[in-house]
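Only one structure is covered here, and it is reproduced in the block below.
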Amino acid sequence: MRDGVDQPCSLAAMTGQGISCNAAGPLRSDPLSESDGRKDVAEMLETAHRLADAAGKIALSYFRTGDVGLASKTEDGFDPVTRADREIEFRIREILAEFRPDDAILGEEFAPKSGTTPYTWVIDPIDGTRGFVSGTPTWGTLIAVNDGARVILGMIDQPFTGERFFGTGGSAWLDRHRTRVPLSTRSCRSLSDAVLFSTFPEIGTVPERAAFAAVSGSVLLTRYGLDCYAYALLAAGHVDLVIEAGLNPHDVQAPIGLVEAAGGIVTDWEGRPVLDGGQVIAAGDRSLHELALGQLAAGVNAG
């Protein structure tokens, strides 16, 4: 993530289009302070709010308008991208150039930017682009910071519903309608009582689908299609498991930061760190996580 090229100075240079960008939103008071000995993280959280404010303005200017500039990144299949994706990431990079110029950036839409600090901002401008272009409010802007070894800040912002989920340092919060409430995952020690989410019923490869089915067949309820919003619901204590495959770093690092700060756990399907994406399991309860890992392994062996 440190070996990428620096970014061009304009979005037109990146995309061949001339596009104007909105200004960043205002600063706000956050639940970290210099007295905590975490000045740098507090500053990064303020910057993350700036990024989310700016991203939300751009996203809402396109959402449900029918004019999002939809295209596919691949000719084989459908991997959607919109003008909103590119504008948001470009604006985020502009703000980071002003407030965190020495940090690295890893985003979905443009090349990585190298940095001279330990920190990398990991950005998905619109996670859930399929939902975005379909008019469903299940997408979000993902903002994370890692220090090279772990995620230290994670944010999922859904501007249409006015919900911003964020966590750092073992605490997580939801900002909604000018109210801030703490977040915590819920206890669930039995698969038979668990609510499971995944983005696609046709998850991953054939062996991965067999493994997922082993868990899905053991839980109380399985639902699909929420993208990043499922992780937000897990952090808020409304669901118990999210299991996915084929994720990228920009898909998973913000959920990792949020869910872990809310008391949950996020790993790969073998219980290892998962910052680079791939097979991902998030659980609100560590006991449930262990049970689900066992079912995934059983499903793989059975397949």
Next item on the list: Out of T82, T65, report the one residue that is of a type in the set (S, T, N, Q), surrounded by 18 or more Cβ atoms within 10 Å (Cβ to Cβ), at negative phi and at pLDDT below 95.
Entry: T82
Notebook entry, point to check: Hey, R178 hits all of (1) more than 16 Å from the chain's Cα centre (by Cα); (2) farther than 20 Å from S287 by Cα; (3) at pLDDT 95 or above but one; which does it fall short on?
Noted result: (3)
Check: What about R164, is it part of a strand (DSSP E or B) and either in contact (Cβ under 8 Å) with a residue 40 or more places away in the chain or among the aliphatic types (A, V, I, L, M) (or both)?
Finding: yes
Checklist line | Residue among G154, G204, G148 that is touching a residue at least 24 places away in the same chain (Cβ under 8 Å), in contact with a strand residue (DSSP E or B) (Cβ under 6 Å, 6 or more places away or on another chain) and part of a loop (DSSP other than H, G, I, E, B) | finding: G204
Next item on the list: Name every residue in the range 229-265 that is under 17 Å from I203 (Cβ atoms) and either small (G, A, S) or free of Cβ contacts under 8 Å to residues at least 24 places away in the same chain (or both), in order of residue number.
Entry: A230, A245, G246
Next item on the list: Taking the options R186, R180, name whichever one is over 22 Å from G128 (Cα atoms), of a type in the set (K, R) and not in a strand (DSSP E or B).
Entry: R186
Margin query: For the range 261-277, give me the residue count where each residue is touching a helix residue (DSSP H, G or I) at 6+ places or on another chain (Cβ under 9 Å) and crowded, with 18+ Cβ neighbours inside 10 Å.
Written below: 9
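Please work out if W173 is aromatic (F, W, Y), in contact with a Cys (Cβ under 9 Å, 6 or more places away or on another chain) and within 23 Å of L226 (Cβ to Cβ).
no
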Item checked: Residues of the range 99-109 satisfying the condition of being under 19 Å from L275 (Cα atoms) and among the hydrophobic types (A, V, I, L, M, F, W, C) -> A104, I105, L106
Notebook entry, point to check: Before we move on, is D157 under 30 Å from D40 (Cβ atoms), within 17 Å of the chain's Cα centre (by Cα) and surrounded by fewer than 17 Cβ atoms within 10 Å (Cβ to Cβ)?
Noted result: no
Next item on the list: Scan the range 115-128 and give yes if some residue there is buried (at least 24 other Cβ atoms within 10 Å of the Cβ), more than 24 Å from P182 (Cβ to Cβ) and of a type in the set (D, E, K, R), otherwise no.
Entry: yes
Notebook entry, point to check: Given the residues T168, T199, T185, which is the only one that is buried (at least 21 other Cβ atoms within 10 Å of the Cβ), at pLDDT below 95 and not aromatic (F, W, Y)?
Noted result: T199
Margin query: Just to check your reading of the model, which residue among R93, R186 is basic (K, R) and in contact with a Lys or Arg (Cβ under 9 Å, 6 or more places away or on another chain)?
Written below: R93
Check: Given the conditions (1) surrounded by fewer than 24 Cβ atoms within 10 Å (Cβ to Cβ); (2) at positive phi; (3) among the charged types (D, E, K, R), which single one is not true for D227?
Finding: (1)
Margin query: Which condition from (1) more than 21 Å from the chain's Cα centre (by Cα); (2) surrounded by fewer than 21 Cβ atoms within 10 Å (Cβ to Cβ); (3) closer than 17 Å to L291 by Cα is the one that T222 breaks?
Written below: (1)
Next item on the list: State yes or no: is G148 closer than 20 Å to G277 by Cα, within 18 Å of the chain's Cα centre (by Cα), among the small types (G, A, S) and crowded, with 24+ Cβ neighbours inside 10 Å?
Entry: no
Next item on the list: Please go through the range 195-217 and pick out each residue that is within 22 Å of the chain's Cα centre (by Cα) and within 12 Å of A283 (Cβ to Cβ).
Entry: V195, L196, F197
Notebook entry, point to check: Only one of L142, L96 is under 15 Å from the mean Cα position of the chain (by Cα), crowded, with 20+ Cβ neighbours inside 10 Å and closer than 26 Å to P273 by Cβ; which?
Noted result: L142
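The values are calculated or read from the model by the stated rules, or taken from the named source; none is laboratory data. Predicted model only: the values in this text are computed from it and were never measured. A quick note on method: Cβ atoms are made from the backbone with ideal geometry, for glycine too, and the neighbour counts reach across all protein chains shown.
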